[in-house]
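Single-structure report; data block below.
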Amino acid sequence: MKFDEAVRFEPRRLADLYRTLGEIGAENVLCDTMEELTIQLARIEKLGRRARFDDVREIAERIAPKAEQIGLSGLGGVARAVADCVRNGDLAGFSATLARLTRICSRRPGAAACRPAPAASCMAGSRPCRRRARHRPEGAAADVPGVSPPRSC
């Protein structure tokens with residue numbers, strides 16, 4: 001059986017984020033949240049394979065509102081469903097929703113997979129975030145006097 005579940009950013013939520021925080025603030029939130037989601041989704045997958053249900057529930061409850069904050073409410077909803085299954089002791093539901101979360105993870109915007117990668121773990125689109133020095137390669141624009149680094153992810 002083949003599942004095709006596209007997850008997209010909600011344009012209205014993104015527009016609200018940009019209107020409220022401004023361009024730089026919104027991009028900072030997007031980059032930080034995408035980076036955290038990537039790391040935490042990889043952790044959930046590993047913990048789920050090890051049957052560490054309470055740890056999975058805790059992480060799922062923490063990432064759901066963060067995903068929704070940046071307009072990934074589909075991802076947030078599935079994370080909440082994973083947490084609910086653990087809370088209710090529904091092992092069949094847990095397995096199914098964890099598999100769904102893993103599928104969504106590999107299809108979410110801006111990520112080829114839910115694995116952190118140096119200089120690419122913060123993704124909002126297809127370009128790595130270059131706003132932080134730790135992501136920026138040596139000799140990047142910020143290191144050159146009079147040249148501004150890129151402002152967007």
If I filter region 15-24 down to residues being under 15 Å from Gly71 (Cβ atoms) and not aromatic (Phe, Trp, Tyr), which single residue comes out as surrounded by the most Cβ atoms within 10 Å (Cβ to Cβ)? Leu17
In region 110-119, is there at least one residue being within 24 Å of Arg8 (Cα to Cα) and at pLDDT 95 or above? no
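For Lys66, are the conditions met, namely being in a helix (DSSP H, G or I), surrounded by 19 or more Cβ atoms within 10 Å (Cβ to Cβ), of a type in the set (Lys, Arg) and modelled with pLDDT of 50 or more? Please lay out each step first, then the result.
Numbers: in a helix (DSSP H, G or I): yes; surrounded by 19 or more Cβ atoms within 10 Å (Cβ to Cβ): yes; of a type in the set (Lys, Arg): yes; modelled with pLDDT of 50 or more: yes.
Answer is yes for this residue.
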Of the residues that sit in region 80-98 and are more than 10 Å from Arg57 (Cβ to Cβ) and among the small types (Gly, Ala, Ser), which one is surrounded by the most Cβ atoms within 10 Å (Cβ to Cβ)? Ala81
Filter pass, Leu47 being surrounded by fewer than 22 Cβ atoms within 10 Å (Cβ to Cβ) and in contact with an Asp or Glu (Cβ under 7 Å, 6 or more places away or on another chain): yes
Taking region 80-100, which residues are at pLDDT below 95 and closer than 20 Å to Arg13 by Cβ? none
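The values are calculated or read from the model by the stated rules, or taken from the named source; none is laboratory data. Worth saying up front: this structure is predicted, and the values here are computed from it rather than measured. Positions of Cβ are backbone-derived with ideal geometry, glycine not excepted, and every protein chain shown enters the neighbour counts.
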